[in-house]
Amino acid sequence: MILERITIENFRQFRGKQEIFFATIPTRNVTLIHAENGFGKTALLNALLWGFYGHEGLTEDLPRKESIIHEGTAARSRTPATTSAKVTIWFTHDGEKYRLERELTLEQQQLDAKKTDVVLELNKDGMPIAERHPQQRIQALMPFGISGFLFFNGERIDHLAMEENAPLITDAIRQMLGLKLLQTAIDDLRHQSVLGKLRNELRERTSAEKQAKIDEQTRVDDDITEWGKRKDTNQKNIQATDAELASVNSKLEMNREAHHLQLRRASLEKQEQGLIERLTTATKRLGQIVAEDSYALFAGDLVKRGREIVDKLRSEGKIPARVLNSFLKELLDGHRCICKRHLDDGSVERKAVEELMHYAGDQQFNNAVGALDNALGRIEEGAEHTRRTLQETNAERLKINDDLKAVREELAEIHHKLGGKADEEVHKLEDTREKLALKQRELLAEQVKIDLKLEELQKRREELRKEIKDITDSEADAQKAQRRLTAVEEAAATLQHILDIETAELRPILNEEIDQHFRKIIGIGYWAELSDDFKLKIMKRLDVSDAASDTARSLNMEVALSQGQRQVTSLVFIASLVALARRRSEIGTIIKGLTGSEYPMVMDSPFGQLSQFRPGVARWIPKLAPQVIIFVSSTQYEGDVAKELKDSSRIGKRYYLTYHGPEIHPDAKRELKIARSPVTVYFEERRDEYTEICELET
Amino acid sequence: MPAENPTPTETRSRLEFQKAPEEIRELIKAVLHEERAVMHLRRRDDIYVKILQHAKRLVQ
């Protein structure tokens, strides 16, 4: 989808009719919209989203969502049936041209602002053809689920790069790369209206024993739903607390008194996390060694005794046997010696051969002792290896524990230092931080508890499913009901497996994109990756020298992310998804008809918290997507960003927003140096408040 | 072994799909066909009825 033009009429603070022609030429694909804080950047982003999705599309941070029509215009209107807010968007998608129009009259706004009139026309050889189900068609062209990744506030995307948001990443991949179809099918197959109905049908026809199991399964399902809701709530609380913590951390980082200590703390916390992960791995490994190989250590006495027996037999000449008793028995049974003498009963010769039987050895005995000898050797070797591995692993565990202790002591020291600072702001921030960290720990502990409970319930559900299936029904219709239930359950399970495979297979491809994009911004020494469990991480290589062995080795370390780094990482992730969506048809999938699609990226304030990454992002942002639309304030634009964007020669269209109102935002400027001569963007206006869109020459 | 070296057309997920019994494969195809048309809609009560109908038609 490439956006060509938008007209906005009386939408929020845009009074009258305003329009923007977007840059559509691939080599000049950037549309830059200059707007000071409070001038209407959020309203403009929402105009686009409202145009596509109506009320549902409005962003969370937009206040008074029921008030869509320009307030002054609405207040002055004497004809509510004809006064309206309207957004019209012209766009192309896969070579087709569309015109989308959404309108809300004042009359309708007073009744229910969520109900709007929408028209979508496809231009076929110059003839507009209205889509019969416009909203359905829009959803097919650009599903609402992906809109959050294409139209966003740059300062609010950093949450994607937070560890606990791996499910959001997985969902984003599925949404953007067309796998949502599989997820929807799974959810619908498992829905109460499908699986529940089939289960009821079986229950009505089956035995009392099976009925009881089905009832228990229904109860377990209800519990799973209930615990699932708890998990969602807890997850949201974790995200909210994390955002609060990030904000406090960022304030501490910006405070001169706390800057260095806060940076050190961020790095230590990351180290702590890495050490905890390593400790868990080492402890698990230790447990595994004890469970699987420790028998060798406890078999010392037995090995010793076995060795004594083998040695004794060897010293007595019983092993290896000089002559086998089976051979002598053959001679005796045949009554003939190898020297051709007859071994008749009672003869001297026979007696002599019978005498030899006392010294002869048994072949099987010989083999058994040989095998025992061999096994003893292996147990001894195994015991040695196990002892060494145990010692090494335990030493590693102790070392990690020591490191962890040191890191935690330093963290505590930083907390004491910051908490004891005379600066009141630092003192208060540290206090808030401590409370939030405590709350976060409790929430994370709760998460573990919920996960364990859900795991237990899911295990029980699976057991019950098998138990129900294994109880054979005597009646034919009960058997049929069981087969249908099993078929739906298995179809959902197969689809789930397929979805997991496809998502996992996309991860390395996405990783390549992420890494490629990320290196362009951050430079050498760092790289970004999507881990096996779908967490976005920035890594760096650290060369460490090992004093004990006098060698050097490289360690891949995860870097503690500042808000700016998280924002860059999230931006890179979204850009990589957009890039992959474009070449979707090249990537194998089970879903038929997935073609590559172009999407624009519309970013409100993408340079907000980027600090040192601003030039890198500004240089690279035009290459993010086939079409890039950026809303930017003067504080974010002036300097590096302006230079990089200008040097890129990719700016196709430029606009600025003028604000007419009683007061100006404290951060906003009245004049912008965005053209040869300064441009006035604020006009004092006491009677009415509104924003206008003006074009700048590029 | 084809399972270990899937070609671009024989993706791992396709092999997984082919491992499923015929009845399940048919049910999955039918459900995906129905879902394509309505997956983006918020209200789509009919989909459950249609899935049930397919399950009953295919599993006798």
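Points to keep in mind about this one:
- Taking a ≥ b ≥ c as the square roots of the eigenvalues of the alpha carbon gyration tensor, the stretch A:413-522 is oblate, as a/c is not under 1.5 and a/b does not beat b/c.
- In terms of distances greater than 23 angstrom between alpha carbons, the cross-link table entries A:Lys623/A:Lys653; A:Lys180/A:Lys229; A:Lys251/A:Lys449; A:Lys270/A:Lys459 yield A:Lys251/A:Lys449; A:Lys270/A:Lys459.
- C-alpha long axis of helix A:563-582 to longest principal axis of chain A, angle in °: 90
- Sorted fewest first by neighbouring Cβ atoms within 10 angstrom, A:His55, A:His70 come out as A:His55, A:His70.
- Dipole of the protein assembly as shown [Lys/Arg +1, Asp/Glu -1 at C-beta], most positive-end residue of A:Gln288, B:Ala37, A:Thr92: A:Thr92
- Cβ-Cβ distance of A:Ala368 and A:Asp333, R₀ of 22 Å, FRET efficiency by 1/(1 + (r/R0)^6): the value works out to about 0.35.
- Backbone N under 12 Å from the A:Glu598 label point (7 Å along Cα→Cβ), restricted to the stretch A:63-100: A:92-96
- The stretch between A:Val119 and A:Val310 holds 59.4 nm of extra length on full extension. This uses 0.36 nm per residue minus the Cα-Cα distance.
- Residue separation of A:Thr389 and A:Glu269 scaled by 0.36 nm, minus their Cα-Cα distance, works out to 40.2 nm of gained length.
- As a rough guide to protection, the peptides A:59-69, A:466-476, A:484-494 ranked by mean Cβ packing within 10 Å, highest first, stand as A:484-494, A:59-69, A:466-476.
- At the listed q of 0.10 Å⁻¹, the Debye profile of the protein assembly as shown, built from one uniform point per Cα, gives log10 I(q)/I(0) equal to -1.22.
- Against chain A, whose longest principal axis is taken from its Cα atoms, helix A:476-522 shows a tilt of about 70°.
- The modelled label-to-label distance between A:Glu663 and A:Ser474, using points 7 Å beyond Cα along the C-beta direction, is 8.3 nm.
- FRET efficiency, 1/(1 + (r/R0)^6) with R0 30 Å, evaluated for A:Glu277 and A:Thr225 via beta carbons: 0.40
- Mean silhouette area of the stretch A:315-382, derived from the convex hull of its C-alpha atoms and averaged over all directions, reads 5.3 nm².
- Take A:226-235, A:82-91 and order them by the average number of nearby Cβ atoms within 10 Å per residue, most first; the result is A:82-91, A:226-235.
- Ranked A:Met539, A:Met601, A:Met176, criterion: other C-beta atoms within 10 Å, fewest first: A:Met539, A:Met601, A:Met176
- Cβ-derived FRET efficiency at R0 60 Å, A:Lys399 paired with A:Thr82, nearest 0.05: 0.20
- Dipole in debye (nearest 20) - the stretch A:2-98, about Cα centre, beta carbon charges: Lys, Arg +1; Asp, Glu -1: 420
- Label point distance in nm, A:Lys17-A:Met254, each placed 7 Å from Cα along Cα→Cβ: 4.2
- Using only alpha carbons, the stretch A:220-349 has a radius of gyration to Kirkwood radius ratio (Rg to Rh) of 1.59.
- Label separation (A:Asn556 vs A:Val290): 3.1 nm, computed from points 7 Å beyond Cα along the C-beta direction.
- On a per residue basis, the convex hull of the C-alpha atoms belonging to the stretch A:1-91 measures out at 110 Å³.
- Taken about its Cα centre, the protein assembly as shown carries a charge dipole of about 1240 debye when Lys and Arg each add +1 at the Cβ and Asp and Glu each add -1 at the Cβ.
- Exercise: per-residue mean of other protein chain Cβ atoms within 10 Å, A:588-594: 4
- Against the main long axis of the alpha-carbon atoms of chain A, helix A:300-315 sits at an angle near 30°.
- Counting every other Cβ atom within 10 Å of each residue's Cβ, A:Tyr637, A:Tyr659, A:Tyr526 order from fewest to most as A:Tyr526, A:Tyr637, A:Tyr659.
- 10 Å Cβ neighbours from other chains, averaged over peptide A:487-500: 6
- Mean projected area in nm² (Cα convex hull; one quarter of hull surface) for the stretch A:497-542: 3.4
- Chain lengthening between A:Arg408 and A:Ile129 when straightened (0.36 nm per residue, less Cα-Cα): 93.7 nm
- Cα centroid separation, the stretch A:395-471 to the stretch A:1-65 (Å): 41
- For the peptide B:15-21, the mean number of other protein chain Cβ atoms found within 10 angstrom of a residue's Cβ is 4.
- Shape of the stretch A:345-473, Cα gyration tensor, a/c cut at 1.5: oblate
Readers should treat all values here as calculations from the given coordinates under stated rules, not as data from a laboratory. This one's a predicted model, so the numbers in the text were calculated from it and none came from an experiment. Virtual Cβ from ideal backbone geometry, glycine too; neighbours counted across all protein chains shown.
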